[in-house]
1. With the checklist (1) outside any strand (DSSP E or B); (2) surrounded by 22 or more Cβ atoms within 10 Å (Cβ to Cβ) in hand, flag the one item K41 doesn't pass.
2. Any idea which of (1) within 30 Å of Y57 (Cα to Cα); (2) in a loop (DSSP other than H, G, I, E, B); (3) among the polar types (S, T, N, Q) is the one T173 doesn't satisfy?
3. How many residues does segment 128-147 hold that are over 29 Å from K34 (Cβ atoms) and either in a loop (DSSP other than H, G, I, E, B) or under 12 Å from the mean Cα position of the chain (by Cα) (or both)?
4. For segment 196-228, which residues satisfy the criterion of being within 30 Å of E302 (Cα to Cα), among the charged types (D, E, K, R) and free of Cβ contacts under 8 Å to residues at least 12 places away in the same chain?
5. Restricting to segment 92-123, name every residue that is more than 14 Å from the chain's Cα centre (by Cα) and closer than 23 Å to Y306 by Cα.
6. Of the numbered conditions (1) out of contact with any strand residue (DSSP E or B) (no Cβ under 9 Å at 6 or more places or on another chain); (2) surrounded by 12 or more Cβ atoms within 10 Å (Cβ to Cβ), D237 satisfies every one except a single condition; which is it?
7. Considering each of G88, G65, G108 in turn, give the residue that is in contact (Cβ under 8 Å) with a residue 12 or more places away in the chain and either surrounded by fewer than 18 Cβ atoms within 10 Å (Cβ to Cβ) or farther than 29 Å from E192 by Cβ (or both).
Amino acid sequence: MRIAAAVCFMSALAFIAHADVYFKEQFLDGDGWKSRWVESKHKSDYGQWKLTSGKFYGDAELDKGLQTSQDARFYALSSRFDSFSNEGKTLVIQFTVKHEQKIDCGGGYVKIFPADLDQTNMHGESQYYIMFGPDICGYSTKKVHVIFNYKGQNHLIKKDIKCKDDELTHVYTLILRPDQTYEVKIDNEKVESGSLEEDWDFLPPKNIKDPEAKKPEDWDDRAKIDDPDDTKPEDWDKPENIPDPDAKKPDDWDEDMDGEWEPAMIPNPEYKGEWKPKQIDNPKYKGTWIHPEIDNPEYTSEDTIYKFDNVGILGLDLWQVKSGTIFDNFLITDDVEEAEKFGTETWGATKGPEKKMKDQQEEEERKKREEEEKSKKDDDNEEDEEEEDEDEPEQEEHTEEPSEEEEEGEDDTIPKDEL
């Protein structure tokens, strides 16, 4: 009996520990990625990708990823894996993004395609299953896209999920569960969750307003009304502006030339504005009328909105004004814990050293700028001093010799003791 229980327990552990990893890419084999990723030929001027860990990183090798390298370009690259269906399973999509170029406008998202996609012809109109990840453009757009295709139509999430907009690496995770719920995580922390039916317009609403119902004619929904006993005071009406009593016609005013003189207008201190009667509670107020609802005859429950039957390709199909984004650590699995563990082992292990390196670089750049500014200021001061020296007139030093008369005068002077 104990042996059977132990066997059952071990079997349960094995089942729990098992996780299907459908796709994983970390770019750890140098140029090997080129054999696994396909560039679309739909356009001839797609932007080029390069493998790099960027200007700052936590680990020079582990942080290598694919980076966009040309400004103002569309990018179209994809990788294939063994196709699968997520029916009855959790689907987890995860990857890291680093906008080290301080992105101004561009996508940082991925698309999940059906396996029958022609990768060499992938483009912006190619039908996908899921689009997920950050998108930034100016100050107004800084969101995480979560778009699902349902019955041939793309449906955007109705919630606004803010993405990270700094220059560091961040990990984005989408969890799609067979109970038709979802979760979005950034840096292994939940930022949004809910149900597919409530947060997307996949289905018609369950209830609609009763087309036969109408608000009764005697329904008064005014909470406040004018006091019928309130009257406007007799001295209320005063002009908004009056002639300035201190204004005087200039002495040189010529009515033939300047026209009739009129004093300037100033705000009237006695002006009280438009009179309105005071408000009182409406004794006939019945509250806000709520339109009755009925079951929507067009609504049909659907429990497979989450399901995609032929998942087989991950694509990077995006536009960037300023290039420099690095994509790395792709993972598609059916296990949430596996994804969290992978995020901790990759992004979690290098985020600290990456920030430290970036901070050191910024400090060095700051010091360099200060030295350059100081050097420039010193040079400017030296130039100013040289210009001042050049502007000062040269003073010639000389001694005037006495005239002959002065010399003779000195010789003819009679000493005091001879007088």
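The values are calculated or read from the model by the stated rules, or taken from the named source; none is laboratory data. These figures come from a predicted structure and were not determined experimentally. Virtual Cβ from ideal backbone geometry, glycine too; neighbours counted across all protein chains shown.
1. (2)
2. With (1) within 30 Å of Y57 (Cα to Cα); (2) in a loop (DSSP other than H, G, I, E, B); (3) among the polar types (S, T, N, Q) applied to T173, the lone miss is (2).
3. Residues that pass the stated criteria total 8.
4. E198, E212
5. V92, I93, Q94, F95, V110, K111, I112, F113, P114, A115, D116, L117
6. Failing condition for D237: (2).
7. Result of the check over G88, G65, G108: G88.
Conditions tested, residue by residue: (1) surrounded by 15 or more Cβ atoms within 10 Å (Cβ to Cβ); (2) under 30 Å from I103 (Cβ atoms); (3) in contact with a Leu (Cβ under 8 Å, 6 or more places away or on another chain).
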position: C163; (1), (2), (3): yes, yes, no
position: L168; (1), (2), (3): yes, yes, no
position: Q180; (1), (2), (3): yes, no, yes
position: E189; (1), (2), (3): no, yes, no
position: E192; (1), (2), (3): yes, yes, no
position: E197; (1), (2), (3): yes, no, yes
position: D201; (1), (2), (3): no, yes, no
position: A223; (1), (2), (3): no, no, no
